[in-house]
Each structure stands twice: as structure tokens, then as C-alpha cells.
Amino acid sequence: MRHLFKLCLLLSVYLPAMAQKPANELHFTSSQQQLITVYKGTIFVNGNKAFVLHEDIINYKSKRNRLVENGKSVFLFLEVNGSPNKNRLYVFNIDHSLADSLLSAVSSDVKDWDRDGNLEFGGSDLTEVHPAADSMYYVPSKFYEIKRGKITYDAELTETTDKKVNGIFLAPPLNSSSTVIPKPKKRY
């Protein structure tokens, strides 16, 4: 009886561990029945090699790895390591057996951030603390919106977020060096 108990205990511990997906593999299926596999930095669509990342920096355990379907378009979001900065989202358009790299954005949840009925993603990266107590570096954000089967820059959400975080909005393009601005006054 003791041996049977030990056997059951061992099976209850080891079987679930053996059934887990490997840490370097993702599987998705679109509503158009496209089978999308990401394995060791390579994207396969319907068994065909569709895109190869130059190195495997995908965070396979991230909840932000997902498919988003809008209109007739299928978008694959993969969170990658952005060290020493914030992680990034690599976005691909999946069309038939092809994976077309669209853009890279600061990693965030893909959701309706501004309550306009469309999904958005993006944000701002890390910045250094300014040495003067009354100033800060301007931290620009960049948001994208998924609408009518396309991904476009969301100027309204970007401007609103920058005003909230920085106190002002500076229209792109910013020069390559950091921009110093006065710290915004806190509103109570």
C-alpha cells in the first residue's frame, strides 16, 4: 500500500511538469485557421518558416504574447527583452503563410487605453533622473492603435499621456539628445 501511495505521489508531481510547454515555444491558431508557431526565435505559419529573428530574445512566458485579429488582419505580438531599457513588443502581420514585421513598441498591455473602442499599445521608455531638483528629462511616449485592420500611430493618446506625465507635449521629432523641461506642478 505504501508503494502505491509513493507511486501516486510521484506521478502527481512529475506528470504535470512533463506536460508543460517548453520555455522556447509558442502556439496560436487564428480564426482563419492559420497555425502560428514561434520556436527558438523563428516564426512558422502553417508549417512554413515565415520570419527569423536575428537572435532569440523572446520572453516566451509573457502574457503579452498574443494574436489580435481586427477586420481581416491577424497581428502577432511578441514581447522581447529590451534590457537595459523596458521590454519591447515586436508586432507582425500574419498573411497566408507570411509574417511581415510591422513595428517595435514599448511593451504594454494591448487594450483600449483611451476608451475609444479601439485597442492601443505602447508607452514610454526609461530615462535618467535629471541632476537639478526643479527639472526633469522630457519622457516622450508613443502609442499605436489597431483600427479597421491596420495599426497606426495614435497621436491623441500620445499627446494626452505626454501632457499627463511631462506637463507638456513636445511634437516629434525630438533631437537625439535628451530634452530638459521644468518639473510639472502637481495638481490636487
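Observations on the structure shown:
- Qualifying residue in the range 62-74 (condition: without any contact (Cβ under 8 Å) to a residue 40 or more places away in the chain, of a type in the set (A, V, I, L, M, F, W, C) and out of contact with any Lys or Arg (no Cβ under 8 Å at 6 or more places or on another chain)): yes
- Lone qualifier among D95, D114 - being among the acidic types (D, E) and closer than 21 Å to F28 by Cβ: D95
- Subset of the range 70-91 (residues that are assigned to a strand (DSSP E or B) and hydroxyl-bearing (S, T, Y)): S73, Y90
- The lone criterion from (1) modelled with pLDDT of 95 or more; (2) open to solvent by 90 Å² or more (accessible area, probe 1.4 Å); (3) of a type in the set (A, V, I, L, M, F, W, C) left unmet by L7 is number (1).
- Annotation note: Cβ proximity below 8 Å between a residue of the range 24-46 that is without any contact (Cβ under 8 Å) to a residue 24 or more places away in the chain and a residue that is among the basic types (K, R) and open to solvent by less than 70 Å² (accessible area, probe 1.4 Å) (sequence gap 6+ or interchain) occurs for no pair.
- The set of residues from the range 62-91 being surrounded by fewer than 17 Cβ atoms within 10 Å (Cβ to Cβ) and under 15 Å from K40 (Cβ atoms) comprises just one member, N81.
The values are calculated or read from the model by the stated rules, or taken from the named source; none is laboratory data. None of these values were measured; they are calculated from a predicted model. Virtual Cβ from ideal backbone geometry, glycine too; neighbours counted across all protein chains shown. Just the protein is used for accessible areas: all its heavy atoms, side chains included, with ligands, DNA and RNA removed. Shrake-Rupley method; radii C 1.70, N 1.55, O 1.52, S 1.80 Å.
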